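See below for the structure under consideration.
The values are calculated or read from the model by the stated rules, or taken from the named source; none is laboratory data. Note that this is a predicted model, so its numbers are computed, not measured. Note that each Cβ is placed from the backbone with ideal geometry, even for glycine, and that neighbours are counted across all protein chains shown. The protein model used for the area step is the full one, side chains on, heavy atoms only, and it has no ligands, DNA or RNA in it. Shrake-Rupley method; radii C 1.70, N 1.55, O 1.52, S 1.80 Å.
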Amino acid sequence: MTRILGPRDESRYFWREGEESESSLAALAAAPFALPGDRKQYLQDRNANVSHVKLTVRFDLDNKQVIGLAELTLSPIIDGVHRVELDSVDTAVNSVKLDGQGLDFAVTGKRLIVELPRQFDAGNDFTLAVDYVATPQRGIYFTGPDDGYPDKPVQIWTQGQDTDNHHWFPCIDEPKGRLTSEIIATVPADWTAVSNGRLVGESEDGGERTFHWLQDKPHATYLITLAAGKLSRVVLQDQDPVIDFYCEPGREEDGRRAFGNTPAMIKLYEELFGEPYPWDKYTQVAVQDFIFGGMENTSATTQTDLTLHDERAHLDFSSDFLVSHEAVHQWFGDLLTCREWAHGWLNEGFATYFEAVWNQHHLGEDEYLYEILMMSRGYQSERYQRPIVQRTYNRPVDIFDRHLYEKGGLVLHMLRRELGDKLFFKTVRHYVQKHKGTNVLTVDLQRAVEEVTGRNLDWFFDQWVFSSGHPNFKVSYSWDEDTKLATVNVRQSQNAAFRANVDVAFETSEGRQVFRAKLTEKEHALTYVLKDRPKMVQFDPGYSVVKSLDFTKSKDLLIYQLENDSDVVGRVEAAQGLAKQTSPDAIEALKKAVNGDTFWGVQVTAARALGDIRTEAARDALIESAGVEHPKARRGVAEALGNFKDERAADALSDLIRDDPSYYVASTAAASLGKTKADKAYGVLLGALDRDSHMEAIRAGALSGLAELRTTDRSDEAREVASGWSEYGRPQRAREAAVAALGRLSDEKDDRSVEHLVDLLDDRWYRVRLYAVGALQRLKAPAAIPALQRLVDRELDGRIIRSAREAIKGIREGKSAPDDVNKLRDDLSKLEDENRGLKERLEKLEQGLDRVGGSNGAGATTNQPAEAKAEAAKK
């Protein structure tokens with residue numbers, strides 16, 4: 001399952017459903033993961049397993065009901081089974097039969113309890129036929145036109161993960177256990193119905209059409225799927241396995257852009273995992289209003305139709321991260337399934353990591369390493385720290401966070417670096433072969449490592465999977481010219497020392513030298529004899545260990561590394577280090593990187609560094625770089641220009657909004673234009689709201705920009721605009737951005753805005769409810785607590801429940817980390833601006849003194865002592 005969908009770069013790691021991005025500083029200030037009332041979760045006891053389910057369903061579209069017959073074959077685990085309990089919600093059961101005989105049953109709470117006419121022993125399977133009508137609030141969704149969106153197509157689709165399929169048919173709704181399944185679905189004659197496995201029958205009778213799908217290879221209950229509507233099919237590969245996709249008619253080319261690389265992904269993963277694609281086909285169905293990015297239903301992935309995109313979006317948007325993620329799940333998640341959600345990283349961590357491996361294969365090593373770096377930043381931006389394997393939660397979706405996904409993926413990256421490529425992929429293949437078709441726990445992966453390599457990595461899994469946090473390294477370097485000794489001091493500032501094997505690299509006149517350091521203590525002094533002073537010093541080149549790193553280097557070392565390091569992470573770190581410099585040569589080096597580095601991620605980082613420097617020279621360098629070729633690099637420039645509150649920056653951003661061919665460059669420029677507080681910003685942003693774009697990117701950027709006008713005389717107008725765009729009937733992604741903007745443009749004393757946001761807690765679109773929760777938490781509005789508590793009590797979406805519980809806790813405690821951090825940032829920004837201005841004036845003065853007092857007859861310059869410069873200044 002993919003949680004989010006955004007433009008394919010690092011920005012998606014800093015975007016959070018229901019709230020704005022927050023830094024690791026906010027995460028450090030946040031509360032622990034567990035909230036009051038959370039408890040340890042365990043699998044339910046059971047006396048029988050479901051081995052097969054056959055669903056015969058038709059639909060009442062007007063009343064959004066499922067009219068079904070569920071035939072469940074049960075296999076007793078123990079002798080003497082006389083009663084079975086099934087998970088069932090939102091369902092009116094008409095009858096339960098065994099061999100045609102009606103049985104006594106009761107529906108209590110979330111269970112369907114069936115009394116059997118006799119006792120059944122282990123090995124004596126039996127089949128229950130449950131005739132029912134479901135009016136589901138979860139699990140299966142009916143979309144179609146309404147008063148706000150009269151053109152929306154009518155569709156039906158399911159979403160079973162984590163435990164929602166029991167809302168539309170009775171089952172044992174846990175990841176543990178495997179069953180075969182079949183669905184016989186009757187739909188309108190002009191519809192198509194898609195499900196797991198292979199199509200074994202299709203018929204038409206009058207105005208109806210019936211599809212019979214059979215999945216005869218066992219899989220988990222939550223992976224059973226059905227998607228139906230007026231759908232167009234496109235075949236991408238007609239040989240075994242058949243690979244195709246379905247989308248709304250007329251969007252076939254958008255679908256080819258989104259899903260076109262699927263056959264190449266399947267081929268790559270077959271080779272890496274040592275196991276042929278395990279199912280009968282691979283289908284992707286793009287549906288309206290999907291509540292996640294994608295869902296890896298066995299052989300039939302459901303995808304959000306937002307991933308379909310036009311040629312203009314394709315300039316800097318790719319669906320590959322979403323498509324590759326769900327493709328990996330066909331092995332990790334579907335062929336091997338976590339036994340319980342506490343170990344869900346065995347599904348999601350693998351899928352997240354092998355997104356990066358697809359990038360490595362398809363786009364190269366720089367893309368892979370940058371993806372790893374962004375995964376680490378995403379994980380570290382989480383608002384709490386917890387072990388990856390976590391039993392204490394309220395609902396399973398609570399743990400589908402950046403620990404399960406990003407940190408889980410990073411564990412595999414670190415394991416690969418620890419073992420080396422050969423042993424890592426041999427381990428993966430062994431793990432697949434040994435456990436395919438079963439449920440797995442983390443210990444199964446640990447034992448696979450031991451069996452292949454002979455290494456005991458209990459320490460590795462203990463600190464990275466079963467414990468929380470990561471090392472925070474503070475590193476310093478010194479050079480002794482007399483002894484030719486390089487010393488690298490390493491200190492870990494977190495509570496307990498992490499064990500890590502880290503490379504330390506130097507570049508001297510003899511070339512590159514790499515040393516392996518085994519870190520086990522809080523402090524280490526690492527010494528190395530070199531031929532001469534290093535031109536480059538690297539700590540953990542290639543980012544083999546997840547960490548935070550404070551490694552201050554001299555300007556000369558940073559400039560050399562930015563220009564010469566073959567490691568993209570090293571160049572990124574060098575650019576970030578130069579953000580603390582204001583000298584002309586540092587600015588020139590960053591400008592050169594923005595325009596000339598071979599990888600867009602370094603270009604973006606260099607642009608951001610110039611934005612952080614905030615001098616006139618840095619601003620001019622960014623303006624001169626606004627036409628850099630790669631659209632993601634231009635987005636970096638546009639983002640950085642938002643740090644300058646002057647007309648020149650505003651003019652450059654206005655040009656990008658108006659003229660840039662990329663939706664996402666225009667979006668970023670709009671958000672940044674608001675930050676400049678320029679007089680023209682309001683009018684330009686208002687105009688940008690008239691522009692359509694992929695995923696409403698430009699409108700979202702414009703609304704974010706308007707939110708930045710909260711400290712100007714346009715704040716009231718901006719708030720009215722945001723309020724208008726939050727209304728039902730506006731494009732949904734724009735509405736979400738408008739709700740977020742309202743939270744930033746208002747305060748807790750603004751009764752009108754608070755009341756409006758409280759009303760949005762009842763909105764029909766779940767993401768608007770989610771954003772309204774985040775906005776109310778940002779406002780620290782005590783008046784919203786009763787409404788938030790009502791939301792917790794009635795809401796069915798676990799993500800919203802978790803967010804509302806956090807909001808209530810935050811409001812009651814009278815603090816909101818984002819606001820505290822933003823205030824701190826604003827204050828710090830003012831001080832930095834003043835400091836940079838003083839530095840810039842001093843450097844100009846020193847340059848002028850050098851020109852006046854340091855020139856000899858031949859035009860050369862000499863270094864003057866400070867006393868001479870001071871004397872010249874007096875003159």
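Here the scattering of region 508-569 is modelled by Debye summation over its C-alpha atoms, one equal scatterer each and no solvent; at q = 0.23, 0.27 Å⁻¹ the log10 of I(q)/I(0) is -1.31, -1.57. Rg/Rh for region 224-354 stands at 0.95; both radii use Cα atoms, and Rh follows the Kirkwood definition. Restricting attention to region 391-537, the count of lysine pairs at 8 or more positions apart or across chains with alpha carbons under 20 Å apart stands at 7. Going by accessible surface with a 1.4 Å probe and the largest first, S715, S493 read S493, S715. Pairs of Cα atoms in region 547-686 fall into 10 Å distance bins, from 0 up to the last occupied one, in shares of 14, 45, 29, 11, 1 percent.
Translational diffusion coefficient, Stokes-Einstein: compute it for region 626-743 using the Kirkwood radius over C-alpha pairs as Rh, at 10 °C and 1.306 mPa s, and state it as an integer in µm² s⁻¹.
Values: Rh = 13.6 Å.
In µm²/s, the coefficient rounds to 117.
By the scheme Lys and Arg +1, Asp and Glu -1, what is the net charge of all other residues having a beta-carbon under 13 Å from that of E481? Surrounding charge for E481 is 0. Working note: Cα gyration tensor of region 277-330, eigenvalues times five, square-rooted, sorted largest first, giving semi-axes of 21, 13, 9 Å. Label zone of Q237 (point 7 Å out along Cα→Cβ, amide N under 17 Å): in region 288-303 this covers 298-301. Annotation: average projected area of region 286-426 is 9.8 square nanometres, based on the convex hull of Cα atoms across all directions.
Sorted on the mean count of surrounding Cβ atoms within 10 Å across their residues, most packed first, peptides 737-743, 134-140 read 737-743, 134-140.
Restricting the calculation to Cα atoms, region 341-396 yields a radius of gyration followed by a Dmax of 13.6, 41 Å.
When T582, T210 are compared by accessible surface with a 1.4 Å probe, the order from highest to lowest is T210, T582. Annotation: R714 carries an accessible surface of approximately 80 Å², with a 1.4 Å probe and no ligand, DNA or RNA atoms counted. Looking at the chain alone, DSSP beta bridges between its own residues are antiparallel in about 80 percent of cases.
Once the other residues with Cβ under 9 Å from the Cβ of P188 are scored (Lys, Arg +1; Asp, Glu -1), what is the net sum? Kindly include the intermediate steps, with their values, before the conclusion.
On the way: positive: R209, K230; negative: D190, E208.
Taking every other residue near P188 into account, the sum is 0.
Heavy-atom accessible area for C171, with the other protein chains in place and a 1.4 Å probe, reaches approximately 10 Å². Placing dummy labels 7 Å off each Cα toward the beta-carbon, the span from D646 to D151 is 4.5 nm.
When the alpha-carbon atoms of region 565-647 are used, the pair Rg, Dmax equals 11.1, 38 angstrom.
How much of the calculated P(r) for region 234-310 lies past 18 Å, in percent of all Cα pairs? It works out to 38 percent of all Cα pairs.
Both numbers refer to the Cα atoms of region 760-819; Rg and Dmax are 10.3, 30 Å. Solvent-accessible surface of the chain, averaged per residue with a 1.4 angstrom probe and all protein chains in place: 39 square angstrom. When nucleic acids and ligands are ignored and a 1.4 Å probe is applied, I623 ends up with an accessible area of around 40 Å². Full extension of the segment from R658 to S468, taken as 0.36 nm per residue of separation minus the current Cα-Cα distance, would add 63.8 nm. Spacing of the modelled spin labels on Q433 and A517, each 7 Å from Cα toward Cβ, amounts to 4.0 nm.
What is the mean projected area of the alpha carbon convex hull for region 207-246, to one decimal in square nanometres?
Details: hull surface 16.9 nm².
Dividing the Cα hull surface by four gives the mean projection, 4.2 nm².
The alpha-carbon of K54 sits under 17 angstrom from the alpha-carbons of these lysines, leaving out residues fewer than 8 places away in its chain: K97, K217.
Overall dimensions of region 338-488, expressed as equivalent-ellipsoid semi-axes from the Cα gyration tensor (√(5λ), whole Å, largest first), are 29, 20, 17. Above 22 Å, the calculated P(r) of region 105-215 contains 50 percent of its Cα-Cα pairs. Maximal additional length on extending the E71-E204 stretch stands at 45.6 nm, based on 0.36 nm per residue less the C-alpha distance.
For region 133-187, what is the convex hull (Cα atoms) projected area averaged across all directions, in square nanometres? Working shown, then result.
Values: hull surface 20.2 nm².
Projected area, direction-averaged: 5.1 nm².
Return the tail of the calculated pair distribution for the chain, meaning the percent of Cα-Cα pairs more than 37 Å apart. Result for the distance tail: 50 percent.
Quote the FRET efficiency, to the nearest 0.05, computed for N501 versus D99 with a Förster distance R0 of 60 Å and r equal to the Cβ-Cβ distance. Calculated transfer efficiency: 0.45. If you roll a 1.4 angstrom probe over the protein chains with everything in place, what fraction of the accessible area of region 487-641 belongs to carbon and sulfur, to the nearest %? Carbon plus sulfur share of accessible area: 44 percent.
Where does region 36-183 land on Rg/Rh, using Cα atoms and the Kirkwood Rh?
Details: Rg = 16.8 Å, Rh = 16.5 Å.
Checking Rg against Rh, the ratio lands at 1.02.
A viscosity of 0.890 mPa s and a temperature of 25 °C, combined with the Kirkwood radius over C-alpha pairs in the Stokes-Einstein formula, give region 26-88 a diffusion coefficient of 149 µm²/s.
Let's test the formula: R0 of 30 Å, r as the Cβ-Cβ distance of S478 and L457. What FRET efficiency results, to the nearest 0.05? Could you put the intermediate results ahead of the total?
On the way: r = 34 Å, r/R0 = 1.14.
Here the calculated transfer efficiency is 0.30.
When Rg and the Kirkwood radius Rh are both evaluated on Cα atoms of region 453-515, their ratio Rg/Rh stands at 1.10.
Each label point was placed 7 Å from the Cα along the Cα-to-Cβ direction; for D125 and T527 their separation is 7.2 nm. Using the Cβ-Cβ distance between E253 and E629 with R0 set to 25 Å, the FRET efficiency from 1/(1 + (r/R0)^6) comes to roughly 0.50.
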